[in-house]
Amino acid sequence: MFAGIGGFRSGLETAGGFECVGYCEINRHAKQAYEALYQTEGELYYEDATAINPEQLPDFDLLLAGFPCQSFSQSGSRKGFEDTRGKMFFEVARIAAVKRPCFLLIENVPGLLNHDKGKTFEVILSTLDNMGYSLSWQVLNSKNFGVPQSRNRVYIVGFLREKCGGEVLSFTQTSGNALRQRKLQSGKADLFG
């Protein structure tokens, strides 16, 4: 969801072993670039996340979402959930609630962590936790992973407790300095890093 020009997809194609079943992107220029970069024939496409009917989606194991960040960014309006773009997280949750993928990978700007004194991030974590996902998150800089750009982003990784056992993916093996790592499992939050 919110595919942009395919940053998530690029990483997964590099890792190998993944098949994309669909993508969603409202910006026509980003969609055009995405389709120029990736073979999308036979994949579902949605322009508007709010128009996705999860009942009509095939089953999938991993939901990727880089929902719009302007509402949470230090350089943006910081209107959070009062901005239509800020509400797009709830579209991710709506689809995950029906499809119940084993894993979630979500990214956004670090300003999401302290927006509204942390209340916005708590809503996001509580929403996913109440749906049965255990979560870890950390701010990582793309420059530490071979990308020719310094770009801090918070990454949230979740696994569906009823389908997957064990720990949430650990971020401790990253090649860069970890800014923050938190874990939420069964309603408990701990700060690491």
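Each reported figure results from applying straightforward, stated rules to the coordinates on display, with no laboratory input. Predicted model, so just to flag it, every value in this text is computed and none were measured. All Cβ positions, even for glycine, are placed from backbone atoms using ideal geometry, and neighbour counts span all protein chains on display.
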field: 17 Å Cα-Cα reach of LYS163 towards aspartates and glutamates, excluding residues that sit fewer than 8 places from it in its own chain
entry: ASP59, ASP61, ASP129
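Which of HIS115, HIS29 comes first, and how do the rest follow, when ranked by fewest Cβ neighbours within 10 Å? Mind showing how you got there, number by number?
Values: HIS115 25, HIS29 9.
With the fewest neighbours first, HIS115, HIS29 line up as HIS29, HIS115.
Classify the stretch 1-50 as rounded, prolate or oblate, taking a ≥ b ≥ c as the square roots of the eigenvalues of its Cα gyration tensor: rounded when a/c is under 1.5, otherwise prolate if a/b is larger than b/c and oblate if not.
Note, shape of the stretch 1-50 comes out prolate.
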- prompt: So which aspartates and glutamates can LYS119 reach, going by Cα to Cα under 14 Å and dropping same-chain residues fewer than 8 places off?
  reply: GLU82
query: Can you put VAL154, VAL98 in order, fewest other beta carbons within 10 Å first?
result: VAL98, VAL154
task: Note down the magnitude of the dipole of the stretch 1-50 about its Cα centre, charges +1 on Lys and Arg C-beta and -1 on Asp and Glu C-beta and zero elsewhere, to the nearest 20 debye.
output: 160
